[in-house]
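Asks: Sharing a structure here in C-alpha cells format.
The values are calculated or read from the model by the stated rules, or taken from the named source; none is laboratory data. Source: prediction; values computed, not measured. All Cβ positions, even for glycine, are placed from backbone atoms using ideal geometry, and neighbour counts span all protein chains on display.
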C-alpha cells in the first residue's frame, strides 16, 4: 500500500518543505487573467497558462470515466504524438467542454494551436485542460484574446496574476504545495497546484492539477512515478463519489536542476523524486478533501487488518462515501453504528467480533459490542476540523487510507444551484 511505500522512502530520503509556487521552479512561468468565461465583471481569473521555457518531459493521468471531455482526449493524443514532451499547458475555468461533440474537439484543438503559434512550439507540445459546466460550448472569441495576452505575459515575466485561483470553480481556497529533495547531491524542486471541491472520486488523479520539477528525468520514468503516486494520493480522495469527465493531472520536468538524470524506476534518484512528488500530491489531496463543497470537517479513514490492501481500500471507500457516516460527522454525532454498517456492506469478508473502531482517538467498538466511552467527550472531539476514523478489521496485512469530508446543507445548496 502507498502508506507503506511512503514510510520506506522517508527512511532514505529527506524531504524539505518549501513555500515555492510552480513559477518558482526553474524553467517555468505562469500567467492568469480574467477573460469573461465565468462572469462578465472583471473579477476572478478564469484562464491560466503554464509556460515552459524549454521542452519538458511530460507525464499525465486522466479520468477513466467513459464520458470524457474533449481536452482529455486531446491531452492523451498530444502526449503520445510528442513522445511525452510539452511546452505549455492552457487551462480555462467556467466551461468543461464536455459532451460538446465535434465542435468541442475542434475548440480544444484550436486552443492548443493558438498557444503554439504564439509560444513558437508545435501544437502537440501544448496540453489543454477545461473545467466548469458540462454541455456548454466554449466562447472561443474570448479565449483567443485571453490566450494572446497570457502567452505575451508569460514570455515577458515569470508570473502574472494568480495561477491557482485561475483554475478554480467552486473551490473556496487555492491549493498549492511544494518540497525540495536532493538527487545526486543537487537540490531538486517539486511544486504543485490543483483545483477540486466537488465531483471528486478520482479514478486516476483529481479534477485538475499540475506538478512541476526541475529534475532531469526520462519521460517514461516520470510517467511511472506519477501513476504510482496518483494511486496512493488522489485515488484515495473522495468528496461525493462522483468521478468527473475532466479529471486531468500532469507532471512536467524541466531538467534544469542538473542532477544525474533519473533514467530508471528504482534506485536513489527515483526514490528521491518519488518522495518529493508524494509529499506534494499528498498535501494537495488533503486540501481537496478539506475544501469539499460545504465541508466543515476533513476526515481521514484508516482501515487495517484485512486480507490485502484492495479489501482495506474497498472498506475505507465505502465508509468515506457513506452519506450516513458523513452527515453524522457533520453533526458531531458519535454514531459508530453507521460506520460499522458501511464497512459490513463493502463486500469484504471480515469478522465483526474481531473488529475494533476508534474515532478521533476514542475507542467506540470492540469485540462485537460497544466499548465504554463518554459520548459527550467524543462529540466534543468531533467538533475539531480534522476527524480520524480507524477500523481494524482483523489481523491481516491489508491496510488503506482515504481522505474525505463531511456532508452538509452547503453541499446540497451548491449543487442544487450550480447550473442555474
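Asks: Need pairs with beta-carbon distance below 7 Å; first residue not assigned by TED's automatic domain parsing to the domain that holds residue 302 and within region 340-353, second buried (at least 20 other Cβ atoms within 10 Å of the Cβ); sequence gap 6+ or separate chains.
Replies: Filtered contacts from region 340-353: no entries.
Asks: Here's something else I'd like to know. Taking residue 262 as meeting all but one of (1) surrounded by fewer than 24 Cβ atoms within 10 Å (Cβ to Cβ); (2) touching a helix residue (DSSP H, G or I) at 6+ places or on another chain (Cβ under 9 Å); (3) in the same structural domain as residue 14 (by TED's automatic domain parsing), write down the number of the exception.
Replies: (1)
Asks: List every residue pair whose Cβ atoms sit under 6 Å apart, with the two residues 6 or more apart in sequence or on different chains, where the first one lies in region 367-378 and is at negative phi and surrounded by 11 or more Cβ atoms within 10 Å (Cβ to Cβ) and the second, anywhere, is at pLDDT 95 or above and not in a loop (DSSP other than H, G, I, E, B).
Replies: Note: pairs meeting the criteria are 371/363; 371/364; 371/365; 373/362; 373/364; 378/362.
Asks: Taking the criterion of being over 21 Å from the mean Cα position of the chain (by Cα) and modelled with pLDDT of 95 or more, would at least one residue in region 36-48 satisfy it?
Replies: no
Asks: Looking only at region 49-68, which residues are at pLDDT 95 or above and either assigned to a loop (DSSP other than H, G, I, E, B) or closer than 14 Å to residue 153 by Cα (or both)?
Replies: 49, 50, 51, 52, 53
Asks: Right, something else. Can you tell me which residue in region 78-105 is surrounded by the most Cβ atoms within 10 Å (Cβ to Cβ), limited to those that are more than 24 Å from residue 148 (Cα to Cα) and touching a residue at least 40 places away in the same chain (Cβ under 8 Å)?
Replies: Here the answer is 84.
Residue-by-condition table, conditions (1) closer than 27 Å to residue 359 by Cα; (2) outside the structural domain of residue 56 (by TED's automatic domain parsing); (3) crowded, with 23+ Cβ neighbours inside 10 Å:
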| residue | (1), (2), (3) |
| --- | --- |
| 213 | no, no, yes |
| 217 | no, no, yes |
| 223 | no, no, no |
| 239 | yes, no, yes |
| 266 | no, no, no |
| 272 | no, no, yes |
| 277 | no, no, yes |
| 286 | yes, no, no |
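Asks: Quick one: in region 385-420, of everything that is touching a residue at least 40 places away in the same chain (Cβ under 8 Å) and loosely packed, with under 13 Cβ neighbours inside 10 Å, which residue is nearest to residue 355 (Cα to Cα)?
Replies: Selected residue: 395.
Asks: Might you let me know whether region 354-376 holds any residue that is closer than 20 Å to residue 236 by Cβ and part of a helix (DSSP H, G or I)?
Replies: no
Asks: Among 228, 240, which is the only one that is part of a helix (DSSP H, G or I) and either under 15 Å from residue 186 (Cβ atoms) or within 18 Å of the chain's Cα centre (by Cα) (or both)?
Replies: Criteria check complete, one pass: 228.
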